[in-house]
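Working notes, structure below.
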Amino acid sequence: RRHALSKYRDFACETRDHHRIQLMANITSINDVARLTQTGIDGIGLFRTEFLLMDATRVPDEKAQFTQYYEALHLLKGKTITIRTLDIGADKEFACLPHGTHEDNPALGMRGVRYSLQHKGLLRSQLRAVLRVAEFGKVRLMFPMVTQPEELDELLTELILCKQQLQLEGKKFGELQLGIVVETPAAVLNLPSMLGKLDFISIGSNDLAQYTLAADRTNLGLAANYPAFCPAVLQLINMTIQAAKHAGVSCSLCGEMASDRRIAPILVGMGLDELSINPAAVPEVKALLCEGNYQEFCDLARQALACSRINELESLLVSCKLPS
Ligand code: PEP
Ligand code: MG
C-alpha cells in the first residue's frame, strides 16, 4: 500500500486525461517542510505564520521572520511558498502579544487582517520580511479574513509603503504574487471589486462554512448538522471559482475538506486550479487524483452541485466509485 501511494511522488499531479492540478500543502512550521519534500508536492499553499508566536516570549521582529521564511523557501528548492499574514484573533491570545480588549464574539471580532490593520508595526515587519524573502524564490503573500474591498485597499497601500521604505534603505526585495483567503460570504460577494487587484485567491472553507452557517467550527455538538461540505457552502465555493475564472485569477482551496479523499475529486471537478492539503493526506489524495479522470470529476461536481440536502451529498460520497 505504501509502495502504491509513493508511486506518484516524482510525477506531476495530473489526471489520466491530462488535467494538471497544483497540489500544495498546508504547514504550521518549517519542520513540516523538510518532511514534505519527500512527498511530491508543488509547493506550500498555506503557511500559517501564527506558529511564530506560539512559544515566543516576544514578538519576532523582521529579521527573525525573514530567517524563518528564508529557511522554508530554501528547503523547498525552487517551489512556491504561500505565506499567510498573521491570523490571530481575540480568542487566540499569545503570551507575547498585548492582550486585546474583551470581545463577546471573538470569531466575529478583531481577527486576521482586522487585527493586522490595527497593529501596523507588526504588519509592516511581516510585509517587509516577506518582500525581502521574495528576492530568493517564488513567494506568494496571502491575507486572511479580508471581507471588505477597503481592507484590501489599505493592505495594498501598506505594501507599497513597505516597498518604498525598503528602497530608501537600499534593501533588496523581490516580486511576489498577491492573494486573499476567501473565508466569509461577504468576501465571496465582494470578489468582483477585489479580483482585479489579485494574482490568486484561496478558499478557506473551514471559516467560510463557520460564517455561512453561523456555526462555531470548534463546537463539536454542531458538527453533524452543520458540516462544511453542505449545499450552501458548495454554492459559495462554486460562485468563488466562477468569479475567479471570469477574472482570470487562479483559485485554490486550503480548508480541511480538500484533504478528504472523497471530496478532493469533486473540488477539482468544480474547476479549482489548486488544492492545498494536510501533509499527511498528500500521498493518498495525489494517488487518487492521478488515477482518476477529470471528466469523471466534472460529472461528480455537477451531481454534488445539484444536491439540496446534506444526506444527498453524503450518499454521493458513499456511492461514487473511486480508484482504491
Ligand atoms: C480556513 O479557514 O479554511 C483555513 C484554511 O484557515 P484556518 O483553518 O487557519 O482558519
Ligand atoms: Mg481561516
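Descriptive notes on the structure:
- Qualifying residues in the stretch 193-211 (those that are of a type in the set (S, T, N, Q) and surrounded by 21 or more Cβ atoms within 10 Å (Cβ to Cβ)) - the one farthest from Ile44 (Cα to Cα): Gln210
- Any hit, the stretch 154-170, residues being in contact with a Ser or Thr (Cβ under 9 Å, 6 or more places away or on another chain) and in contact (Cβ under 8 Å) with a residue 60 or more places away in the chain: no
- Positions within the stretch 142-172 being in contact with a strand residue (DSSP E or B) (Cβ under 9 Å, 6 or more places away or on another chain) and more than 12 Å from Leu86 (Cβ to Cβ), in sequence order: Val146, Glu151, Leu152, Leu155, Leu156, Leu159
- Residue, farthest from Thr67 (Cα to Cα), within the stretch 129-168, restricted to residues that are part of a loop (DSSP other than H, G, I, E, B) and more than 16 Å from ligand 1 (Cβ to nearest atom): Gln148
- Any hit, the stretch 174-181, residues being closer than 16 Å to Cys251 by Cα, more than 16 Å from ligand 1 (Cβ to nearest atom) and among the acidic types (Asp, Glu): no
- Residue that is modelled with the lowest pLDDT, among those in the stretch 46-79 that are surrounded by 14 or more Cβ atoms within 10 Å (Cβ to Cβ) and out of contact with any helix residue (DSSP H, G or I) (no Cβ under 9 Å at 6 or more places or on another chain): Leu53
- Here Ala228 fulfils each of the conditions (1) over 20 Å from Ala25 (Cα atoms); (2) assigned to a loop (DSSP other than H, G, I, E, B); (3) modelled with pLDDT of 95 or more apart from (1).
- Cβ-Cβ under 9 Å pairs, at least 6 apart or on other chains, the stretch 183-196 side closer than 11 Å to Gln148 by Cβ, far side charged (D, E, K, R) and within 16 Å of ligand 2 (Cβ to nearest atom): Thr184/Asp207
- If you go through the stretch 75-128 and pick out every residue that is part of a strand (DSSP E or B), of a type in the set (A, V, I, L, M) and within 15 Å of ligand 1 (Cβ to nearest atom), you end up with 1.
- Filtered residue count, the stretch 176-215, keeping only those that are aliphatic (A, V, I, L, M), away from ligand 2 (no atom under 16 Å from the Cβ) and closer than 23 Å to Pro231 by Cα: 2
- Scanning the stretch 113-136 for residues that are surrounded by 20 or more Cβ atoms within 10 Å (Cβ to Cβ) and under 22 Å from Thr80 (Cβ atoms) returns Val113, Gln126, Leu127, Arg128, Ala129, Val130, Leu131, Arg132, Val133, Ala134.
- Residue list for the stretch 201-238, filter: more than 20 Å from the chain's Cα centre (by Cα) and among the β-branched types (Val, Ile, Thr): none
- Within the set Gln295, Gln235, the sole residue that is of a type outside the set (D, E, K, R) and closer than 30 Å to Ser193 by Cβ turns out to be Gln235.
- Options Pro231, Pro265; residue that is touching a residue at least 40 places away in the same chain (Cβ under 8 Å), surrounded by fewer than 23 Cβ atoms within 10 Å (Cβ to Cβ) and closer than 17 Å to Leu317 by Cβ: Pro231
- Taking the numbered list (1) within 16 Å of ligand 2 (Cβ to nearest atom); (2) hydroxyl-bearing (Ser, Thr, Tyr); (3) modelled with pLDDT of 95 or more in turn, Thr218 passes all entries but (3).
- Of note, Gln126 satisfies the criterion of being among the polar types (S, T, N, Q) and under 19 Å from the mean Cα position of the chain (by Cα).
The values are calculated or read from the model by the stated rules, or taken from the named source; none is laboratory data. Since we're looking at a predicted model, the values are computed, not measured. Counting neighbours? That spans all protein chains shown, and the Cβs are built from the backbone with ideal geometry, glycine included.
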